[in-house]
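Novice: Sharing a structure here in structure tokens format.
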Amino acid sequence: MHLSLARFGAVLVKEFVQMRRDRMTFAMMIMIPIVQLFLFGFAINSDPHNLPTLVEMADESPTARAVLAGMETSDYFDFIGVVTGQEDGDRALRDGSANFVVVIPPGFERDVIRGLSPDILVAADASDPTAVGSAVSALGGIVEVAIKQTLEGPLAFAAGRPPPFSVSVHRQFNPEAETSINIVPGLLAIILAMTMVMITAVAIVREVERGTMETLLATPVRPFEVMVGKVLPYVLVGYVQTIVFLAGAGLVFGVPFIGSPLAFFVGFNIYIVVNLALGFLISTVVKTQMQAMQASFFLILPTILLSGFMFPFAGMPGWAQAIGAAMPATHFLRLVRKVMLKGADLADIAVDLRAMAIIGAVIVVVSMLRYRQTLD
Amino acid sequence: MTDTPAISVRGLTKVFGDKTVVDAVDMDVPPGAIYGFLGPNGSGKTTTIRMMCGLLTPDGGAGECLGYDILTEAPKIKENVGYMTQKFSLYGDLTIRENLDFMARMYRLKNRRKVVDKTLTDLGLEGRGDQLAGTLSGGWKQRLALAACMQHQPRLLLLDEPTAGVDPKARRDFWDEIRRLSKRGVTVLVSTHYMDEAIQCDFIAYIAYGRKLIDGPAAEIPAKVGLHTWRVDGPDLTELEDALASRPGVEQVARFGAQLHVSGTDEAALAAVIAEEKKKNGTHRWQKKDTELEEAFIYLMATAADNFGAPGGPGE
Ligand SMILES: Nc1ncnc2c1ncn2[C@@H]1O[C@H](COP(=O)(O)OP(=O)(O)O)[C@@H](O)[C@H]1O
Ligand SMILES: [Mg+2]
């Protein structure tokens, strides 16, 4: 039996009409990227500034003050008070009123002049490594600059010697280490994974749950016509989401897009199709719309955690990397970061495209095998 | 119209898990007939119908529907059959017109607009084509569903409890339509558990616990059930009804208007009870009558309660 364009078109039109009537869902599909963008872009910041800091000053010299001033101007540290002993500092760290305690040792300036490399002790609350991590890594540079500035005039001779701290942080592509620039492109992968999978699964299971699937299967319509006709409208939803998202990312967060738009377009289409196929696969397993939603949420969690969106992929243990590599979002995330931030073109993302195509092929084959043209 | 049966199946069997839901059902539906498919809830009617039109794969048995093999030619069957599901299953969030148009496209009808317009006119819904189907009353939904699966002019209609939960007036209208279609030569297989519908059928099959117990032309069903019936009228029928119900030999007491129809399968035992009653109470008029489809139907439906869950049935 051959395929019919008329039947395929009928399913397509029906799906569009139903989508249009379901204003709530449609509005949500458009709002999700915007809300997520602002949440992740503004509220969730893994590179926080103005962390509350206490100082224990055993040396009130100009050099010591200069170091503190340098720290304060960096924006990472917000000096909220002075402590007089180790006990006070420890308590503040423990109860969370401060993230850092900076201890200037006695005779600090004198030792700097003598070239004794005195030690500034920074006690950090490491229970939230993301919160303090970047501040700590920035510390070395800040102190070094402050000392250089102070040791001018009569003390200039001391500046030539090796600095007391030699931490150098070199950040490529994102020199200010602004998290939003890194996190926003990745967010697109997550948003699409979340909405595309769920919306397809729900749209199909809804027909089963409402009983309309039985009427549909009793007509001469072919499975392929149903599948593509039902899924295609949601490709369009994905387009709209992405346009809204990219516009927001560029206008609000100043995320650059320096790579090849063609490379992005190709990768993006493959990614959407893979996700829709995944949604279709879920719909062949679950029985109710509720289950379809639960299954989609169940999948989104590892996607957020293991795709490299939340945590650096390279830092994960081997088993986690293996799971991550099996997820389409992992590859699309890399692709988007490469294209948007590093100016990649088609050749640069070939490896990601291939990975997504393989995952997609497996999903399509499995779901075709599972799809039943009967109610069995 | 040819004389080959519209449906002819042998040994149709379906197992869900460890439950045999349909057990070796044979059925022959003559062309042009209104064929009633009777049975209590859960007895396997829907499952049987689904197997006949290729929506479920049988675990055993074989057969033909409109001359097409139900195992291998499901697509052909689907093109020529109109199947109305038990639950309203058009799209509630599409309008009446959109639903009809969608179904017309599924069957690739020519002159779709005209066909849909005609369907709307026939339904008397010309002005309401833009109303959402989900907002229709139960009776209208059923009529819309029937019209939707008739647009491609199928030769065979499978109606699965088409009037469940519909008010009596709408039910009569619905059956008028079925008879009209039948006159035009359409074969109708209709499952029901309403007596007033069963008696309008030309043929009847009765199924319980997945097994077909009786089938044949409607007129032969009472004899096949094997009931003997007496009619009685007179005063205090309610007391009489209670008194008779517990007597051995009396298997069924049904009230028809101002009469009771008293039935049993053991003719002698029944006659003995009635002779005794006559002696005891001279005010009632007793008369032997032929058992009709009504009594037979009540008898059949009463012997098997809802069939959900419990395996096996009266025979076990
Ligand atoms: N898909 C299914 N999976 C498991 N059991 C089913 C399924 N469909 C029906 N059944 C069971 O099969 C029996 C017959 O159901 P059905 O054919 O719907 O009966 P009827 O239409 O006569 O009410 C019931 O006990 C029902 O619970
Ligand atoms: Mg049923």
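The values are calculated or read from the model by the stated rules, or taken from the named source; none is laboratory data. What you are looking at is a predicted structure, and each value in this text was computed from that prediction instead of being measured. For neighbour counting, all protein chains shown are included, and Cβ atoms are generated from backbone atoms with ideal geometry for every residue, glycine included. Protein only, heavy atoms only, side chains kept; ligands, DNA and RNA dropped before computing areas. Shrake-Rupley method; radii C 1.70, N 1.55, O 1.52, S 1.80 Å.
Novice: Please determine whether any residue of the range B:93-108 is at the interface with chain A (Cβ under 7 Å from one of its Cβ atoms) and either within 16 Å of ligand 2 (Cβ to nearest atom) or within 23 Å of the chain's Cα centre (by Cα) (or both).
Specialist: Looking through the range B:93-108, none of the residues is at the interface with chain A (Cβ under 7 Å from one of its Cβ atoms) and either within 16 Å of ligand 2 (Cβ to nearest atom) or within 23 Å of the chain's Cα centre (by Cα) (or both).
Novice: Are there strands (runs of 3 or more DSSP E) fully within the range B:14-105 with at least 3 residues that are within 16 Å of ligand 1 (Cβ to nearest atom) and on the phi < 0 side of the Ramachandran plot? List them.
Specialist: Those strands (runs of 3 or more DSSP E) span B:19-29, B:34-38.
Novice: To continue, here is another question. Give just the number: which of (1) over 31 Å from the mean Cα position of the chain (by Cα); (2) under 30 Å from A:VAL221 (Cβ atoms); (3) not in a loop (DSSP other than H, G, I, E, B) does A:THR25 not satisfy?
Specialist: Condition not satisfied by A:THR25: (1).
Novice: So, one more: If B:GLN131 passes every condition in (1) under 29 Å from A:ARG23 (Cβ atoms); (2) within 14 Å of another protein chain (Cβ to nearest Cβ); (3) open to solvent by less than 20 Å² (accessible area, probe 1.4 Å) but one, which one does it miss?
Specialist: (3)
Novice: Answer yes or no as to whether B:LYS212 is charged (D, E, K, R), within 16 Å of ligand 2 (Cβ to nearest atom) and in contact (Cβ under 8 Å) with a residue 12 or more places away in the chain.
Specialist: yes
Novice: I'd like to check something: does the range B:56-66 contain any residue that is buried (at least 18 other Cβ atoms within 10 Å of the Cβ), within 16 Å of ligand 2 (Cβ to nearest atom) and within 11 Å of chain A (Cβ to nearest Cβ)?
Specialist: Checked the range B:56-66: at least one residue is buried (at least 18 other Cβ atoms within 10 Å of the Cβ), within 16 Å of ligand 2 (Cβ to nearest atom) and within 11 Å of chain A (Cβ to nearest Cβ).
Novice: Then there is this: Pairs please, first residue from the range B:27-49 and farther than 18 Å from B:PHE297 by Cβ, second anywhere and within 10 Å of ligand 2 (Cβ to nearest atom) and part of a strand (DSSP E or B), Cβ atoms under 6 Å, 6+ apart in sequence or on different chains.
Specialist: Partner pairs satisfying both residue conditions: B:THR46/B:ASP160; B:ILE49/B:ASP160.
Novice: Can you give me the ranges of the strands (runs of 3 or more DSSP E) entirely in the range B:163-260 with at least 2 residues that are more than 14 Å from chain A (Cβ to nearest Cβ) and either within 16 Å of ligand 1 (Cβ to nearest atom) or of a type in the set (Lys, Arg) (or both)?
Specialist: The qualifying strands (runs of 3 or more DSSP E) are B:187-192, B:203-208, B:211-217.
Novice: For the range A:290-376, give me every one of the helices (runs of 4 or more DSSP H) that falls completely inside it and has 2 or more residues that are of a type in the set (Asp, Glu).
Specialist: Filter on the range A:290-376 gives A:346-370.
Novice: For the condition modelled with pLDDT of 95 or more and either buried (at least 23 other Cβ atoms within 10 Å of the Cβ) or not acidic (Asp, Glu) (or both), what is the one hit in B:LEU100, B:LEU90?
Specialist: B:LEU100
Novice: Residue check, B:ALA6 against (1) over 18 Å from B:HIS152 (Cα atoms); (2) more than 16 Å from ligand 1 (Cβ to nearest atom); (3) touching a Pro at 6+ places or on another chain (Cβ under 9 Å), all met but one. Which one?
Specialist: (1)
Novice: Against the condition open to solvent by 10 Å² or more (accessible area, probe 1.4 Å) and either assigned to a helix (DSSP H, G or I) or at pLDDT below 90 (or both), how does A:LEU192 come out, does it pass?
Specialist: So A:LEU192 does not fit the description; no.
Novice: Specify which of the listed residues (A:TYR271, A:TYR239) is of a type in the set (Phe, Trp, Tyr), in a helix (DSSP H, G or I), more than 14 Å from chain B (Cβ to nearest Cβ) and surrounded by 15 or more Cβ atoms within 10 Å (Cβ to Cβ).
Specialist: Unique residue meeting the criteria: A:TYR271.
Novice: Working carefully through the options B:ASP130, B:ASP176, find the one that is within 22 Å of B:ALA33 (Cβ to Cβ) and free of Cβ contacts under 8 Å to residues at least 40 places away in the same chain.
Specialist: So the residue among B:ASP130, B:ASP176 that is within 22 Å of B:ALA33 (Cβ to Cβ) and free of Cβ contacts under 8 Å to residues at least 40 places away in the same chain is B:ASP176.
Novice: When residues of the range B:108-143 are filtered for being basic (Lys, Arg) and within 14 Å of B:LEU90 (Cβ to Cβ), how many remain?
Specialist: 2
Novice: When the range A:323-358 is examined, which residues are found to be among the β-branched types (Val, Ile, Thr), surrounded by 22 or more Cβ atoms within 10 Å (Cβ to Cβ) and over 12 Å from A:PHE264 (Cα atoms)?
Specialist: Correct list: A:THR330 only.
Novice: Could you list, in sequence order, the residues of the range B:32-50 that are open to solvent by less than 10 Å² (accessible area, probe 1.4 Å) and more than 13 Å from ligand 2 (Cβ to nearest atom)?
Specialist: Scanning the range B:32-50 gives B:ALA33, B:ILE34, B:TYR35, B:GLY36.
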